[in-house]
Amino acid sequence: MTTSGVAHRVTRTGILLALMLFAIVPLLSMFTTALAAPGSTPQGLTWPSDPHWHNFVDAWSAANFLALFGSSTLIVLGVVPATVAMATAAGYALAQLHVPFGKAIYGLLLVGLTLPFEALITPLYYNLQSMGLLGTRLAIVLPLIGLLMPFGVFWMRAHFLGAEPALTEAAKVDGANAWQTFRRIHLPLATSAWSALAVLFFLASWNQYLLPLVLVDDPTKRTVAGGLGAFQGQYGTDIVLLCAGSLLIILPSLVIFLIFQRNFVKALMQGALK
Amino acid sequence: MTAPSSASAATQPVVPRRNARRARHWSALLWVAPGFGMYAVFVLYPMLQSVQYSFYDWDGIGPATPAGLDNWKAIFTQPELLHSVEHAFILVVFYTILPVGLGLIAASFIRELRPGAFSTTARVVLFIPQVLPLVAAGIAWTWMYSSDGLVNQVLRAVGLDQHTRAWLGDFTFALPAVGVIGVWVMLGFCTVLLLAGIGKIDPALYEAARLDGAGRISEFFAVTLPGLRRELVVCTTFTIIAALASFDVIQIATQGGPGYQTMVPGVEIYRLTFLQQHVGQASALAVFLAALVLVVIWPIQRLGREK
């Protein structure tokens, strides 16, 4: 009994450590490579005898990171507040108000939940071209708001379906109209739902690759992921610089995740399961 | 003026209320309008355009000529298009089956641990790949698989020199190699979601199983697995969409090569429109891909709803 218990614990720890190693090793390999001598071809995972921390500074200027982070921030600011606000309003209405054709509207939105971005990229390109928006950040922001909307509405509707009907009734008795009921009662109670949605949309915008690749030529007007793709195209052969640049680019996503990981995972679970 | 007012006196409490209800009813549309409007303009309308384009032959600049069903027939007859769809299904093994399977193992192991530093670290570390841009996953693994990369370094270290190769350039191994990147990205998502699901299973069920003398394995099949039905549906749905509609990782790592060994519909659509100007053909494949995802996802969702 005890020996089998010990054996099980050893296997368990061993397998978990192996999976963790699998998750982290590609990043460690990038890290040691980023510290190798510039222009050299190091081996996969070798701590350099004299680490070149300066590579990160070189990568910073080579990829024009300040412009790239600035651009991504603008795109995120354009996408996230607008999408969260629109999705919250629509989700609330579909769950709590009697929207005419509400079922049909929600059904159409559900179709968008599974639509691959690639299925739309061709017409989006020509439409944005005729709007004269190709090459501008709006060409990323506007379609992204539309593309993220189904998930946002789905998420917020699920939250508001669970809202206590007694609260709405009580507010009605007190003479509050739909807007006041929403603003004073339901919105504050939905803070965890829409803030989790905002974090998910931040990641989705920050990490978006296809739209910037196709719709914006200038890498400094793209998202971080779009800029990283261009950086790989330009410095693909300089593995040291490429690894240093990639690590710099993924650092903000990583930091945001580590700070919010507790709330983030909890919220993700709640939303995904409704 | 006095007569109507006295006549309406009886109904007064009713009429304005009914009007107010009806007004509020229609004004509810205003709440939905901005979000649905953006969705209609940037998703629904382009989707219909894709359907329309798919029946034309168009280079994106000149006039479009009607092509009947040619673009649609090509999907089933042109080997490179057909293979791209096949590859998408092979990727499901790597994006869905392996991460869900390994995720179940990892989640049930983490559940057994006492809450503490190790279980938290395991959860966080496994989830990290999911939050990074897929572009970064592509770059990291392109380096892992290169001639000087870690995979070959390990093979050389254990004396398997004859098996080293440039993995992503190898006709046999390129597709599984790309698939492993999918396992890397999806494993943490599945583990964390399943772990949350296990946390919600009634502990009394585990106790009952133990009283019945169930071992770890039979406990897993009798209690854990049935209790995770909804979580499993979410994991499978999310990862299957990611597999069938994969783009970023493959565009960065192989661009569909060597030859067409790792070509998938997403990359093919991009190439057809933006590199080869076959807009009609790209659109047919795009509509086909969207429909394919729906057809695969629908029964899984049904399964999740049944009790």
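Size of region A:3-155 from its Cα atoms: along the principal axes, largest to smallest, the extents are 67, 56, 26 Å. A straight line joining the Cα centroids of region B:156-207 and region A:167-230 runs 31 Å.
Under a Gaussian network description of chain B, with springs only between Cα atoms under 10 Å, the residue in B:160, B:29, B:194 that fluctuates furthest is B:29. Shown are A:183, B:210, whose ranking by accessible area with a 1.4 Å probe and every protein chain present, most to least, is B:210, A:183.
Counted by Cβ distance under 11 Å from residue A:67, the other residues give a net charge of +1, where Lys and Arg count +1 and Asp and Glu count -1. Over chain A, the Kirkwood radius and the radius of gyration, each from Cα atoms, give a ratio Rg/Rh of 1.08.
Relative to the globular-protein estimate of 2.2 N^0.38 Å, the Cα radius of gyration of the protein assembly as shown stands at 1.07.
Counting only protein chain heavy atoms and rolling a 1.4 Å probe, the accessible areas of B:212, A:218, B:248 rank, largest first, as B:212, A:218, B:248.
Number of Lys-Lys pairs in the protein assembly as shown with C-alpha atoms under 28 Å apart and a separation of 8 or more places or on different chains: 10. In this rough spin-label picture, where each label sits 7 Å from Cα along the Cβ direction, the residue B:205-residue B:173 distance is 4.2 nm.
When chain A is treated as a GNM with alpha-carbon contacts under 10 Å, the residue of A:21, A:248, A:211 showing the greatest mean-square fluctuation is A:21.
Compared with the rule-of-thumb size 2.2 N^0.38 Å for a compact globular protein, chain B has a Cα radius of gyration ratio of 1.40.
Two numbers describe the Cα atoms of region B:176-282: Rg and Dmax, which are 20.5, 67 Å. For region A:48-102 versus region B:255-307, the inter-centroid distance based on Cα atoms is 26 Å. Its Cα gyration tensor gives region B:22-97 an equivalent ellipsoid; the semi-axes, largest first and in whole Å, are 37, 23, 10.
For region A:112-139, heavy-atom accessible area (probe 1.4 Å) falls by no less than 30 Å² from the chain alone to the full protein assembly at A:114, A:115, A:116, A:118, A:119, A:120, A:122, A:123, A:124, A:126, A:127. Here the accessible area of region A:1-92 is 74 percent carbon and sulfur, with a 1.4 angstrom probe and all protein chains present. Of B:156, A:184, A:12, B:302, the order by accessible heavy-atom surface (1.4 Å probe, DNA, RNA and ligands excluded), from most exposed downward, is A:184, B:302, B:156, A:12.
Just the C-alpha atoms of region A:93-191: what Rg/Rh do they give, with Rh taken as the Kirkwood radius? Expressed as Rg/Rh, it is 1.12.
Considering region B:122-183, its Cα convex hull presents a mean projected area of 4.9 nm². For region B:221-293, would you read off the P(r) tail past 14 Å as a percentage of all alpha carbon pairs? Result for the distance tail: 68 percent. Ignoring ligands, DNA and RNA, what percent of the accessible area of region A:116-192 is carbon or sulfur (1.4 Å)? Carbon and sulfur atoms account for 60 percent of the accessible area of region A:116-192. Each of residue B:156 and residue A:46 was given a label point 7 Å from its Cα along the Cα-to-Cβ line. The distance between the two points is 0.7 nm.
Largest GNM mean-square fluctuation among B:159, B:266, B:60, using chain B with Cα springs under 10 Å: B:159.
Any idea of the accessible area per residue across the protein assembly as shown, 1.4 Å probe, to the nearest Å²? Please report the intermediate quantities before stating the final value.
Values: 26220 Å² over 581 residues.
Value for the protein assembly as shown: 45 Å² per residue.
Summed over qualifying helices (DSSP H, 4 residues or more, each -39500 (n - 2.57)) and divided by its residue number, chain B shows a 222 nm mean residue ellipticity of -22000 deg cm²/dmol. Can you give the net charge of the other residues whose Cβ lies under 11 Å from the Cβ of residue B:200, counting K and R as +1 and D and E as -1? So the surrounding residues net to -1.
Ligands, DNA and RNA excluded, the heavy atoms of residue B:220 present near 40 Å² of accessible surface to a 1.4 Å solvent probe.
Legend: P(r) of region A:26-66 from all alpha carbon pair distances, 5 Å bins from 0, whole percents, reading 6, 25, 30, 23, 12, 4, 0.
The values are calculated or read from the model by the stated rules, or taken from the named source; none is laboratory data. This one's a predicted model, so the numbers in the text were calculated from it and none came from an experiment. Here the Cβ is made from the backbone with ideal geometry for all residues, glycine too, and neighbour counts use every protein chain on show. Protein only, heavy atoms only, side chains kept; ligands, DNA and RNA dropped before computing areas. Shrake-Rupley method; radii C 1.70, N 1.55, O 1.52, S 1.80 Å.
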